[in-house]
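The values are calculated or read from the model by the stated rules, or taken from the named source; none is laboratory data. Just so you know, these numbers come straight off a predicted model, no measurement behind them. All Cβ positions, even for glycine, are placed from backbone atoms using ideal geometry, and neighbour counts span all protein chains on display. Ligands, DNA and RNA are excluded from the accessible area calculation, which covers all protein heavy atoms including side chains. Shrake-Rupley method; radii C 1.70, N 1.55, O 1.52, S 1.80 Å.
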Amino acid sequence: MSITLLNPDGLPEIDVYRQVAVASGSRLVFVAGQVSWDAEGRTVGAGDLAAQVEQCYLNVGTALAAAGGSFDDVAKLNVHVVDWTPDKMPQLLEGISRAAAKLGVTPVPPATLLGVAALDVPDHLVEIEATAVLD
């Protein structure tokens, strides 16, 4: 695997992600922010954060596969959630878990989680982008 995740001494250990990702591959893959569109451009899960997170993760998985990679190759995952508050964390984690189960992968939590005022389409509640390194 081309990614090693670390929690170095001297930095807080967070259960859901690691502080450092060390990449040793030779190809960088930048997946554009994915929203909860299906293949025809229809919004999946209008008003349902967990459903939208699930679809975003599935879309990221599709993009990674097209580049010859998978979530195992992700060095950094950025998640942007409209009107984020900590009480939305269970919905976020539910969507991640459902997508991981469908993809047959270990759930990959965000390295960066940002609250935003809005996204480009009013129905979209979340956008997820990934940086991966492939051998």
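What is the sum of charges around Ala46, taking Lys and Arg as +1, Asp and Glu as -1, for the other residues whose C-beta is under 14 Å from the C-beta of Ala46?
-3
Rounded to the nearest 0.05, what FRET efficiency is calculated for Ala101 and Val22 with R0 set to 25 Å and r the Cβ-Cβ distance? Write down the numbers at each step before the final one.
On the way: r = 28 Å, r/R0 = 1.10.
Approximately 0.35, to the nearest 0.05.
Give me the percent of the accessible area of the chain that comes from carbon and sulfur atoms, probe 1.4 Å, all protein chains in place.
Roughly 54 percent of what the probe reaches on the chain is carbon or sulfur.
Pairs of Cα atoms under 8 Å, at least six residues apart: use those to get the relative contact order of the range 75-135, whole percent. Mind dumping the intermediate values first?
Details: 77 pairs, mean separation 35.3, N = 61.
Relative contact order here is 58 percent.
Can you find, among Leu119, Val53, Phe30, the residue farthest towards the positive end of the dipole of the chain? Put +1 on the C-beta of Lys and Arg, -1 on that of Asp and Glu.
Phe30
Sort largest first and round to whole Å: the equivalent ellipsoid semi-axes of the range 23-114, each the square root of five times a Cα gyration tensor eigenvalue.
21, 15, 12
With unit charges on the beta carbons (Lys and Arg positive, Asp and Glu negative) and the dipole taken about the Cα centre of the range 1-51, which residue among Thr43, Pro8, Ala21 sits farthest to the positive side?
Checked the options; the winner is Ala21.
By the scheme Lys and Arg +1, Asp and Glu -1, what is the net charge of all other residues having a beta-carbon under 12 Å from that of Leu134?
Here the count lands on -2.
Placing +1 at every Lys and Arg Cβ and -1 at every Asp and Glu Cβ, with all other atoms neutral, what dipole size does the chain have around its Cα centre, in debye to the nearest 20?
Working: 7 positive and 17 negative charges, 50 e Å.
That gives a dipole near 240 debye.
Counting only heavy atoms of protein chains, what accessible area per residue, in Å², does the chain have with a probe of 1.4 Å?
For the chain, the solvent-accessible area averages 54 Å² per residue.
Averaging over all projection directions, find the projected area of the Cα convex hull of the range 8-56 and quote it in nm² with one decimal place.
5.8 nm²
Could you give me the ³J(HN,Hα) list for the range 59-71, computed from phi with Karplus coefficients 6.51, -1.76, 1.60 and θ = phi - 60°, whole Hz, x at Gly and Pro?
Each residue's phi maps through the Karplus curve to give 5, 4, x, 4, 5, 4, 4, 4, 8, x, x, 8, 5 Hz.
Using all alpha carbons of the range 63-135, what is the percent of pairwise distances in each 10 Å bin, ordered from the shortest bin to the longest?
Reading the bins upward from 0: 18, 48, 30, 4.
To the nearest 0.05, how large is the calculated FRET efficiency for Met89 and Asp135 if R₀ is 30 Å and r is the Cβ-Cβ distance?
Efficiency at R0 = 30 Å is approximately 0.35.
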